[in-house]
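The values are calculated or read from the model by the stated rules, or taken from the named source; none is laboratory data. Only a predicted model underlies this, so the values are computations on that prediction, with no experimental measurement involved. Heads up, the Cβs are rebuilt from the backbone with ideal geometry, glycines too, and the neighbour counts pull from every protein chain shown. In case anyone asks, the SASA skips ligands and DNA or RNA and just uses the protein heavy atoms, side chains included. Shrake-Rupley method; radii C 1.70, N 1.55, O 1.52, S 1.80 Å.
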Amino acid sequence: MAQQGGSSSSGGGGSLNVSPMKPLASLKVLVVDDEPMMRTIHKAQLVRAGINDVEVAANGKDAVDLHVNGATFDLILMDLHMPIMDGCQATKELRAMGVKSSIVGVTSSGGAEKTAFLASGLDDCVSKPFVLQQIAHYLKVPRSPTNPPKYHNP
Amino acid sequence: MDRNQSHRQVATMKQSLFDQGYLDHEQFNQLEELQDDANPNFVEEVVTLYYRDSARLVHSIEQALEKSPIDFNKLDSYMHQFRGSSSSIGAKKVKAECSLFREYCRAGNGEGR
């Protein structure tokens with residue numbers, strides 16, 4: 001998986017601009033997907049990986065509202081096509097609010113749609129439904145507050 | 001029928017679905033691997049959700065096909081969703097049919113149904 005400058009999977013401080021590695025059990029993850037089946041599959045994968053603090057949201061607006069109400073997460077798994085507010089818009093709003101969490105898009109779309117999704121402020125984009133291997137890097141290296149997201153357009 | 005016989009019958013049915021191309025072996029196995037003592041009904045839960053979502057989508061698709069003129073963009077959107085969830089659960093044949101249906105939608109072909 002491509003890396004933001006200064007980050008690595010070795011953990012620890014030193015000259016690297018990365019927070020110390022958090023144990024999986026203490027990570028907070030938000031799964032944003034309008035399909036109950038996908039939320040169930042993603043949550044099961046995360047729990048299997050040792051992450052118990054998994055919150056879910058059924059659309060982009062609910063995800064944004066959670067943050068407006070003060071919630072913070074180490075990682076957000078963001079679906080693209082959702083009613084009320086899609087993943088692209090939600091990601092833009094979260095970044096505009098100053099949310100620095102890792103946001104990984106989860107979609108089966110490709111081409112221009114995927115490019116636009118990435119440009120909305122994602123760190124990466126992975127394919128459904130078995131995301132665990134694809135997001136392993138983000139579970140090991142939560143982003144440092146000064147390390148901007150990969151695709152963010154300020 | 002005792003428990004062992006039931007298990008054997010389920011295994012045979014599953015293999016048959018793999019062999020006939022209805023179910024994706026690898027995808028479905030990955031789902032089964034997520035079932036454990038902490039999550040003993042995971043596969044049943046996921047399949048139930050899939051059937052519920054599918055029933056809703058099929059109903060929406062049928063309604064969309066009844067309209068005149070057909071809104072192919074809307075139909076394509078439903079098929080994209082259906083294809084996505086079918087792919088996630090390993091419903092290979094349904095996924096393939098959805099892909100074909102989407103080609104008809106893009107061609108504006110209402111007779112392809």
Please work out which one of (1) more than 14 Å from chain A (Cβ to nearest Cβ); (2) buried (at least 18 other Cβ atoms within 10 Å of the Cβ) is the condition B:Thr12 fails and give its number. (2)
For the stretch A:78-104, pairs from a residue that is more than 20 Å from B:Asp76 (Cβ to Cβ) and open to solvent by 60 Å² or more (accessible area, probe 1.4 Å) to a residue that is outside any loop (DSSP other than H, G, I, E, B) and hydrophobic (A, V, I, L, M, F, W, C), with Cβ under 7 Å and 6 or more apart or across chains, are A:Glu93/A:Val64
Taking the options B:Phe42, B:Phe18, B:Phe28, name whichever one is surrounded by 16 or more Cβ atoms within 10 Å (Cβ to Cβ) and either of a type in the set (D, E, K, R) or within 8 Å of chain A (Cβ to nearest Cβ) (or both). B:Phe42
For B:Glu103: the one exception among (1) more than 23 Å from A:Val131 (Cα to Cα); (2) touching a residue at least 12 places away in the same chain (Cβ under 8 Å); (3) open to solvent by 70 Å² or more (accessible area, probe 1.4 Å): (2)
Selection count, the stretch A:55-66, where residues are surrounded by fewer than 20 Cβ atoms within 10 Å (Cβ to Cβ) and not in a loop (DSSP other than H, G, I, E, B): 6
Tell me the residue from B:His59, B:His80 that is away from chain A (no Cβ under 13 Å) and in a helix (DSSP H, G or I), please. B:His59
Condition set within 20 Å of A:Leu122 (Cβ to Cβ) and in contact with a Phe, Trp or Tyr (Cβ under 7 Å, 6 or more places away or on another chain), scope the stretch A:23-44, selection nearest to the other protein chains (Cβ to nearest Cβ): answer is A:Val29
When only residues in the stretch A:44-53 that are surrounded by fewer than 20 Cβ atoms within 10 Å (Cβ to Cβ) and in contact with a strand residue (DSSP E or B) (Cβ under 8 Å, 6 or more places away or on another chain) count, which is farthest from B:Glu33 (Cα to Cα)? A:Asp53
Per the filter on the stretch A:107-126, residues under 17 Å from B:His80 (Cβ atoms) and open to solvent by 60 Å² or more (accessible area, probe 1.4 Å) are A:Ser108, A:Ala112, A:Glu113, A:Lys114
Check the stretch B:62-74 and report whether any residue there is crowded, with 16+ Cβ neighbours inside 10 Å and either within 19 Å of the chain's Cα centre (by Cα) or within 14 Å of another protein chain (Cβ to nearest Cβ) (or both). no
Scan the stretch B:54-90 residue by residue and report those that are among the β-branched types (Val, Ile, Thr) and under 24 Å from B:Tyr22 (Cβ atoms). B:Val58, B:Ile61, B:Ile89
